[in-house]
Amino acid sequence: MAQKEKDIVVARPSESAGACTAHSCDISRRTFVRAAGSVLIGSSSLLRLSDLHADEGTNAHDQRPTIGDRLVNAATEGAPTPLKVSDIPENSNPIIALPYDTASNTVRDGSRLNKLLLLRLPVESLDAETRARAADGVFAYSATCTHQGCEVSQWLPADQALMCFCHFSKFDVRAAGSVTAGPAPSNLPYLSLRSEGGELVIASAFNTKPGAKRSG
């Protein structure tokens, strides 16, 4: 940062305006540097915010989860290994997963909106809608909060709910991701799963576009 500040040229005040002291000129220079930095940070934030509403691209890595995709653990490095029903423990923290197209050997990791949360609960604890889209008790929700696009990651076993730490929205995973607390304006998007040879396979697209919901 010190080197960058040296590269910034600050205009000298004209004599008609009165010469500044070394101290006041130094303050003006620092103010300019801070203001420039704020503009850059603001621009970066806008770019990140726009990504929360972005449509999927044409690149295979960017495309939303597609029917027939397998799922892989987002935290696992190396060759993609499709997740199985048996890999998802019951009544445990969610596993963050990404869609995986086996035909092109492509993990769809080009957009954060493709992140999924996999959970497994006793089938009898799920409502009819959630049970119908689960594979042996395993179901999938978007990992992006519908409020301001933060990542949903906290599992609350006592509530059987997922929570977003940014503003504490809660979503009931047994009831189609319905909002039970916080400012989230809509349910957490979900998609359907099926089991093929024990592997988890995407059986439907998201029921609604993932990401922060526009107001108005």
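No value in this document is a laboratory result; all are computed from the given coordinates. Here the structure is a predicted model, which means the values were calculated and not measured. FYI the Cβ positions are ideal-geometry reconstructions off the backbone, even for glycines, and counts take in every protein chain you see.
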Among (1) surrounded by fewer than 17 Cβ atoms within 10 Å (Cβ to Cβ); (2) among the hydrophobic types (A, V, I, L, M, F, W, C); (3) within 24 Å of ARG70 (Cα to Cα) - the single one TRP155 does not satisfy: (1)
If a residue has to be buried (at least 17 other Cβ atoms within 10 Å of the Cβ) and touching a strand residue (DSSP E or B) at 6+ places or on another chain (Cβ under 8 Å) to count, how many in region 158-177 make the cut? 12
Got a sec? Which strands (runs of 3 or more DSSP E) wholly within region 66-168 have at least 1 residues that are in contact (Cβ under 8 Å) with a residue 12 or more places away in the chain and more than 24 Å from GLY198 (Cβ to Cβ)? 138-142, 152-156, 161-164
Any idea which residue in region 180-193 is surrounded by the most Cβ atoms within 10 Å (Cβ to Cβ), counting only those that are in a strand (DSSP E or B) and touching a Leu at 6+ places or on another chain (Cβ under 8 Å)? LEU191
Looking only at region 61-71, filter to residues that are over 16 Å from the mean Cα position of the chain (by Cα) and under 14 Å from ASP109 (Cα atoms); which one of those is surrounded by the fewest Cβ atoms within 10 Å (Cβ to Cβ)? THR66
